[in-house]
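Written below as structure tokens is the structure these notes are about.
The values are calculated or read from the model by the stated rules, or taken from the named source; none is laboratory data. Computed from a predicted structure; not experimentally measured. Note that we place each Cβ from the backbone using ideal geometry, even for glycine, and neighbour counts take in every protein chain shown.
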């Protein structure tokens with residue numbers, strides 16, 4: 001791909017985030033309910049804010065994003081479904097530290113009224129503020145498999161000469 005077509009656009013990334021939210025919700029909602037947390041919609045609900053559930057849910061979210069994006073897949077389940085991966089600026093796989101920095105930089109992107117996320121729609125390489133701060137790109141494609149990254153085997157030796 002050439003030009004900006006290699007970069008994952010805003011809406012593709014939004015759908016990936018929604019899918020990841022569903023994945024995380026499958027784990028964190030039952031956990032939150034089991035630890036006594038929940039919503040405060042009704043005063044008769046008997047549910048309250050649970051710091052333990054919130055802390056565990058936050059840690060699970062961080063680990064989900066950081067471990068998946070630094071894995072050989074280079075993507076969360078939502079990103080995989082949308083055919084996009086996270087790379088460094090040279091197209092290489094990112095490490096856990098950079099993935100962690102990218103995750104926590106998303107809080108800054110959100111803190112400024114979501115403008116850090118909206119930057120994806122307007123920057124040349126489709127980077128949000130968190131991508132710029134972490135030195136990452138989100139591009140279309142799949143992570144190279146380990147067999148693809150290996151060098152091809154050497155050719156077989158020539159057959160022995162006839163009549164020797």
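Using beta carbons and a limit of 7 Å, which pairs, at least six apart or on different chains, have the first residue in region 110-123 and surrounded by 14 or more Cβ atoms within 10 Å (Cβ to Cβ) and the second one part of a loop (DSSP other than H, G, I, E, B)?
Between residues of region 110-123 that are surrounded by 14 or more Cβ atoms within 10 Å (Cβ to Cβ) and residues that are part of a loop (DSSP other than H, G, I, E, B), the close pairs are 116/128; 117/128; 119/127; 119/128; 120/126; 120/127; 120/128.
Listed here are the residues, each with its yes/no results for (1) touching a helix residue (DSSP H, G or I) at 6+ places or on another chain (Cβ under 8 Å); (2) surrounded by fewer than 19 Cβ atoms within 10 Å (Cβ to Cβ); (3) at pLDDT 95 or above.
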{"site": "20", "(1), (2), (3)": "yes, no, yes"}
{"site": "23", "(1), (2), (3)": "yes, yes, yes"}
{"site": "53", "(1), (2), (3)": "yes, no, no"}
{"site": "71", "(1), (2), (3)": "no, yes, yes"}
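Look through region 25-39, keep the residues that are surrounded by fewer than 13 Cβ atoms within 10 Å (Cβ to Cβ) and part of a helix (DSSP H, G or I), and return whichever of them is modelled with the lowest pLDDT.
Within region 25-39, the first condition is being surrounded by fewer than 13 Cβ atoms within 10 Å (Cβ to Cβ), and the residues that meet it are 25-26, 30, 34, 39.
If we keep only those that are part of a helix (DSSP H, G or I) as well, we get 25-26, 30, 34.
Working: 25: 94, 26: 95, 30: 88, 34: 83.
The extreme case among them is 34.
Which one of these is surrounded by fewer than 16 Cβ atoms within 10 Å (Cβ to Cβ) and either modelled with pLDDT under 95 or outside any loop (DSSP other than H, G, I, E, B) (or both): 42, 78, 57?
42
Which of the numbered conditions does residue 85 fail, given that it passes all the others? Conditions: (1) assigned to a helix (DSSP H, G or I); (2) under 12 Å from the mean Cα position of the chain (by Cα); (3) under 17 Å from residue 6 (Cα atoms).
The single condition residue 85 does not satisfy is (1).
Here's a check for you: in region 89-101, which residue that is touching a helix residue (DSSP H, G or I) at 6+ places or on another chain (Cβ under 7 Å) and surrounded by fewer than 19 Cβ atoms within 10 Å (Cβ to Cβ) is farthest from residue 120 (Cα to Cα)? If you could, list the steps in order and put the result at the bottom.
Within region 89-101, the first condition is being touching a helix residue (DSSP H, G or I) at 6+ places or on another chain (Cβ under 7 Å), and the residues that meet it are 94, 96, 98-101.
Retained after the next criterion (residues that are surrounded by fewer than 19 Cβ atoms within 10 Å (Cβ to Cβ)): 96, 98, 101.
On the way: 96: 23, 98: 19, 101: 18 Å.
Per the criteria, the residue is 96.
Could you list, in sequence order, all residues of region 88-109 that are in a loop (DSSP other than H, G, I, E, B), touching a residue at least 12 places away in the same chain (Cβ under 8 Å) and either more than 15 Å from the chain's Cα centre (by Cα) or under 11 Å from residue 69 (Cβ atoms) (or both)? Write out each step before concluding.
To start, the set of residues in region 88-109 that are in a loop (DSSP other than H, G, I, E, B) comprises 89-95.
Remaining after also requiring touching a residue at least 12 places away in the same chain (Cβ under 8 Å): 89, 91, 93-95.
Matches in region 88-109: 89, 93, 94, 95.
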